[in-house]
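Visitor: Got a structure for you, questions after.
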Amino acid sequence: MGSGDWAERPLVGTDSVTPAELYEQGKRLRAKTPAAAHDHPAAADDRPSPREYFEATNAGRLPELVELRRERMLASPFTFFRGAAGLMGADLAGTPSSGVGAQLCGDAHAANFGLYGTPEGKIVMDINDFDETVPGPWEWDLKRLAAGLVLAGREGGIRESGCRQAAEDAVKSYRRTIRALAELPFLRSWNALPDSSVLSKARADELIDDFADAAEKARKNDHARVAARWTERVDDHETGLARHRFVADPPVLTHVDERTAEAVAAGLASYVDTLRESRRTLIARYRLADVAFRVVGTGSVGLRSYVALLHGNDDEDLVLQVKQAQRPALAPYLDLPEAAHEGRRIVDGARLVQAETDILLGWTTIDGLPYIVRQFRNLKGDIDPAALEKDHLDDYGRLAGALLARAHTRSLHPKLLSGYFADDSELDEAMGAYAVRYADRTEADHAAFSGT
């Protein structure tokens, strides 16, 4: 077969750009936006005050949970940071960018990396929260990770030099991982699985024991354990069958009325159609037994969130989380249009970014509001960055930086960003300095929010 006009033509699209040309494009972007430009002021002049931000972001949340949200954000500067992704978005708007976009986590703080099980039961570590996922500058995710590491380290009592080192190491690991993935065959880089082997690749060997402990806990964190902890057996005298029912544990877990339970059941019925075809038959085998309301994490407190208990084969239980989705916090600062369905936005983003997604991840609409549906706590675990010692926080930073880089290369070409990074470490120092400055800004915001 001879080579004609079709040679070197991409399968999709019209632009024919080779990897080598992409690398050169990246180098030219660096000339336009040098690494030093990322060491910029922390706060935007037109940002809202912490209290104004809090009040504005209570819109659409349940009023009775507003005070609980306030209490959680008051706990520490790091928890305030975790609940204020949009405030950082306001500060990042208009800051220097290389012009390279990626599908962002949108809230890539240091505690949003966790362990979970693949469909085959293998424990991996990856970004594990995509409520805020949007397309945007890769720098925004990396800067949020670096600043969060400084705040986590301060909360854990680590010296300032150690906090800054962890932030710089995260950036360095991100650069190195991008460059390493840029040299791999496309299929190998795409399928790179973030299991325990990633520790050595990211030079995070101090975390081997932490990872092993978290993985062991994750293996025990299955649906059966959730059911044993939060449900009770109920005998149905009419049918002669036994089923489980959630046990209320207010304010975290509460029963819902019949109308709400019916609405959630209808939402689950339509959710089935959002699953990949091979999984629709699987979920259809389960029977819905109970629905309860469960308060969720810091950034989502006040949103509607339910847990659904399903019965499977014999004594098998499956617990699904049905969680309200809302417009992402960064959308106003990236001039993004309204999503057709915010639940689908989250699911599409997670499927693009994660190495392995929950096989039961989907979306639905309940009472006119968008939701995502996923397995609840199945084989999930975490490493708390605020509880790590200095050497371990460094390693955690390197691990998280590597995981973030792998996630971003699902939507940006690593050759392009590899060219932007070139060979020096100037970016590490620039973003490290910014991370310390933004941590200082967050501590001031937390003090203003608490009235101290």
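Visitor: Quick check on this structure: which one of 218, 227 is part of a helix (DSSP H, G or I), more than 21 Å from the chain's Cα centre (by Cα) and within 27 Å of residue 357 (Cβ to Cβ)?
Guide: Going through 218, 227 in turn, just one is part of a helix (DSSP H, G or I), more than 21 Å from the chain's Cα centre (by Cα) and within 27 Å of residue 357 (Cβ to Cβ): 227.
Visitor: If you go through segment 329-355 one residue at a time, how many are assigned to a loop (DSSP other than H, G, I, E, B) and either among the β-branched types (Val, Ile, Thr) or out of contact with any Lys or Arg (no Cβ under 8 Å at 6 or more places or on another chain) (or both)?
Guide: Here the count works out to 8.
Visitor: Cβ-Cβ below 7 Å, separation at least six or inter-chain, first residue in segment 138-156 and surrounded by 24 or more Cβ atoms within 10 Å (Cβ to Cβ), second of a type in the set (Lys, Arg): which pairs?
Guide: Correct list of pairs: 150/164.
Visitor: Is it true that some residue in segment 289-296 is within 16 Å of the chain's Cα centre (by Cα), within 28 Å of residue 108 (Cα to Cα), outside the structural domain of residue 405 (by TED's automatic domain parsing) and assigned to a loop (DSSP other than H, G, I, E, B)?
Guide: Within segment 289-296, one or more residues are within 16 Å of the chain's Cα centre (by Cα), within 28 Å of residue 108 (Cα to Cα), outside the structural domain of residue 405 (by TED's automatic domain parsing) and assigned to a loop (DSSP other than H, G, I, E, B).
Visitor: While we're on this one: Within segment 157-175, which residues are of a type in the set (Lys, Arg) and either crowded, with 24+ Cβ neighbours inside 10 Å or in a helix (DSSP H, G or I) (or both)?
Guide: Matches in segment 157-175: 164, 172, 175.
Visitor: Name the single residue that is surrounded by the fewest Cβ atoms within 10 Å (Cβ to Cβ) among those in segment 15-48 being touching a helix residue (DSSP H, G or I) at 6+ places or on another chain (Cβ under 7 Å) and in a loop (DSSP other than H, G, I, E, B).
Guide: So, considering only residues that are touching a helix residue (DSSP H, G or I) at 6+ places or on another chain (Cβ under 7 Å) and in a loop (DSSP other than H, G, I, E, B), the one surrounded by the fewest Cβ atoms within 10 Å (Cβ to Cβ) is 48.
Visitor: Kindly evaluate residue 106 against the criterion of being on the phi > 0 side of the Ramachandran plot, under 14 Å from the mean Cα position of the chain (by Cα) and not in a helix (DSSP H, G or I).
Guide: yes
Visitor: For segment 300-315: of the residues being farther than 21 Å from residue 261 by Cβ and without any contact (Cβ under 8 Å) to a residue 60 or more places away in the chain, which is surrounded by the fewest Cβ atoms within 10 Å (Cβ to Cβ)?
Guide: 314
Visitor: Can you go through 117, 83, 99, 89 and tell me which one is crowded, with 19+ Cβ neighbours inside 10 Å and under 26 Å from residue 416 (Cβ atoms)?
Guide: Of the residues listed, the single one that is crowded, with 19+ Cβ neighbours inside 10 Å and under 26 Å from residue 416 (Cβ atoms) is 89.
Visitor: In segment 58-93, what residues are in a helix (DSSP H, G or I) and polar (S, T, N, Q)?
Guide: Within segment 58-93, just 79 meets the criteria.
Visitor: Quick check on segment 264-297: of everything there that is of a type in the set (Ser, Thr, Tyr) and surrounded by fewer than 20 Cβ atoms within 10 Å (Cβ to Cβ), which residue is nearest to residue 81 (Cα to Cα)?
Guide: Going through the qualifying residues, I end up with 274.
Visitor: Still on this structure, please answer the following. Could you tell me which residue of segment 351-387 is farthest from residue 406 (Cα to Cα), considering only residues that are of a type in the set (S, T, N, Q) and out of contact with any Gly (no Cβ under 7 Å at 6 or more places or on another chain)?
Guide: 375
Visitor: Across segment 202-246, what is the number of residues that are touching a Phe, Trp or Tyr at 6+ places or on another chain (Cβ under 9 Å) and at pLDDT 90 or above?
Guide: The qualifying residues number 6.
Visitor: Follow-up question, since we're still on this one. Could you give every pair whose Cβ atoms fall below 8 Å, whose first residue belongs to segment 256-273 and is farther than 17 Å from residue 372 by Cβ, and whose second residue is in a helix (DSSP H, G or I), counting only separations of at least 6 or pairs across chains?
Guide: Sorted first by the residue in segment 256-273, then by its partner, the pairs are 256/264.
Visitor: Shifting gears a bit: Please enumerate the residues belonging to segment 265-280 that are more than 18 Å from residue 365 (Cα to Cα) and either at pLDDT 95 or above or in contact with a Leu (Cβ under 9 Å, 6 or more places away or on another chain) (or both).
Guide: 279
Visitor: Quickly run through segment 179-202 and pick out the residues that are in a loop (DSSP other than H, G, I, E, B), out of contact with any Leu (no Cβ under 9 Å at 6 or more places or on another chain) and closer than 19 Å to residue 125 by Cα.
Guide: Correct list: 191, 193, 195, 196, 197.
Visitor: Moving to a separate point now. Can you tell me which of 61, 69 is under 23 Å from the mean Cα position of the chain (by Cα), charged (D, E, K, R), under 28 Å from residue 387 (Cα atoms) and surrounded by 16 or more Cβ atoms within 10 Å (Cβ to Cβ)?
Guide: 69
The values are calculated or read from the model by the stated rules, or taken from the named source; none is laboratory data. All figures in this text were calculated on a predicted structure; none of them were measured in a lab. As a convention, Cβ positions derive from the backbone with ideal geometry for all residues, glycine included, and neighbour counts pool all protein chains shown.
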